[in-house]
Amino acid sequence: SRDGEVLTLRMNRAEKKNALTGAMYSALTEGLKAANADDGIGAIVILGQPGIFCAGNDIKDFIAFAMGGGIGQPILDFLRALVANEKPLVAGVDGAAIGIGTTMILHCDYAIASPRAVFATPFVDLGLVPEAASSLIVPQLMGNRLAFEMLAMGAKFSAERARETGLVNTIAELDTLETVVRETAEAIAAKPREAVKLARKLIRGDQSAILLRIDEEAKLFSERLMSKEARQAFEAFLAKGKS
């Protein structure tokens with residue numbers, strides 16, 4: 001949806017905790033591309049639903065991608081669109097942000113969490129490896145030990161810990177989160193557009209290493225999807241969901 005100079009992309013599958021399907025990835029990618037092609041858009045917002053930001057990838061889609069021998073083109077398209085995005089990107093996180101729900105935040109320029117936000121990347125627990133260039137960005141952001149805790153141990157980070165480690169900028173109260181997110185995006189959009197674009201580009205620097213790491217991770221991720229460890233983890237996850 002568009003409100004003035006701000007385009008909002010809202011994940012809207014609350015009944016499945018906003019687990020992302022291939023179609024949702026494609027819709028997010030198209031939203032980013034549309035915003036970048038529109039000179040009237042000064043900022044983009046990413047939101048989930050009250051109480052849930054994103055539970056990660058839809059496991060059934062994951063299994064389908066694995067049978068096809070890859071991570072899935074819609075996922076790769078979205079990750080590359082995040083890197084290619086030239087508009088300021090603001091995230092508002094309420095509730096759980098799991099897997100890609102956390103790693104997409106790494107590509108945002110500003111992130112705001114509610115007190116009940118929880119961040120976790122349980123890739124290794126599923127027999128997989130980190131994605132979205134998180135294996136490169138998180139160590140730069142937090143240092144190797146905290147990166148290991150998050151990406152390899154799969155530790156859950158509270159909103160406060162996410163703020164302390166730089167994953168999010170600030171914490172807003174539940175009843176004001178989306179208002180604060182919208183006001184932040186509007187404030188960014190109101191600034192001199194070209195100056196913001198150039199400043200953002202300087203801050204982010206050369207993105208070639210990010211794209212290279214996305215591809216490196218994707219290759220390993222695809223291999224791991226076919227592994228016995230991943231298959232057993234997915235079967236256990238699906239069985240738990242039926243119980």
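The values are calculated or read from the model by the stated rules, or taken from the named source; none is laboratory data. Nothing here was measured: the structure is a model prediction, and the numbers come from that model. With ideal geometry, Cβ positions are generated from the backbone for all residues, glycine too; neighbour counts draw on all protein chains shown. Side chains are part of the model used for accessible areas, which takes the heavy atoms of the whole protein and leaves out ligands, DNA and RNA. Shrake-Rupley method; radii C 1.70, N 1.55, O 1.52, S 1.80 Å.
When each of G70, G92 is tested for being touching a residue at least 12 places away in the same chain (Cβ under 8 Å) and surrounded by fewer than 24 Cβ atoms within 10 Å (Cβ to Cβ), the lone residue that passes is G70. The residue of the range 107-146 that is farthest from V180 (Cα to Cα), among those that are of a type in the set (S, T, Y) and open to solvent by 10 Å² or more (accessible area, probe 1.4 Å), is S135.
Among residues of the range 101-130 that are touching a residue at least 40 places away in the same chain (Cβ under 8 Å) and among the polar types (S, T, N, Q), those with a beta-carbon under 7 Å from a residue that is part of a strand (DSSP E or B) and buried (at least 22 other Cβ atoms within 10 Å of the Cβ) at least six positions away or on a different chain give the pairs T102/F119; S114/V93. Kindly evaluate T176 against the criterion of being farther than 30 Å from I71 by Cβ and without any contact (Cβ under 8 Å) to a residue 12 or more places away in the chain. Taking the combined requirement at face value, the residue satisfies it.
Among the numbered conditions (1) at pLDDT 95 or above; (2) out of contact with any Lys or Arg (no Cβ under 7 Å at 6 or more places or on another chain); (3) surrounded by fewer than 21 Cβ atoms within 10 Å (Cβ to Cβ); (4) not charged (D, E, K, R), the only one that G22 does not meet is (1). Checked against (1) touching a strand residue (DSSP E or B) at 6+ places or on another chain (Cβ under 8 Å); (2) buried (at least 22 other Cβ atoms within 10 Å of the Cβ), Q49 passes all but condition (2). One residue stands out in the range 171-227 among those that are charged (D, E, K, R) and within 29 Å of D61 (Cα to Cα): the one that is most open to solvent (accessible area, probe 1.4 Å), namely K219.
Here is a check on your reading of the model: is A55 within 12 Å of the chain's Cα centre (by Cα), modelled with pLDDT of 95 or more, open to solvent by 30 Å² or more (accessible area, probe 1.4 Å) and not hydroxyl-bearing (S, T, Y)? Criteria met by A55.
Count of the range 228-239 residues, restricted to those that are in contact with a helix residue (DSSP H, G or I) (Cβ under 8 Å, 6 or more places away or on another chain) and open to solvent by less than 100 Å² (accessible area, probe 1.4 Å), is 4. Scoring R161 on the criteria (1) open to solvent by less than 50 Å² (accessible area, probe 1.4 Å); (2) part of a helix (DSSP H, G or I) leaves a single failure, condition (1). Scanning the range 98-122 for residues that are out of contact with any strand residue (DSSP E or B) (no Cβ under 8 Å at 6 or more places or on another chain) and either modelled with pLDDT under 95 or aliphatic (A, V, I, L, M) (or both) yields a single hit, L106.
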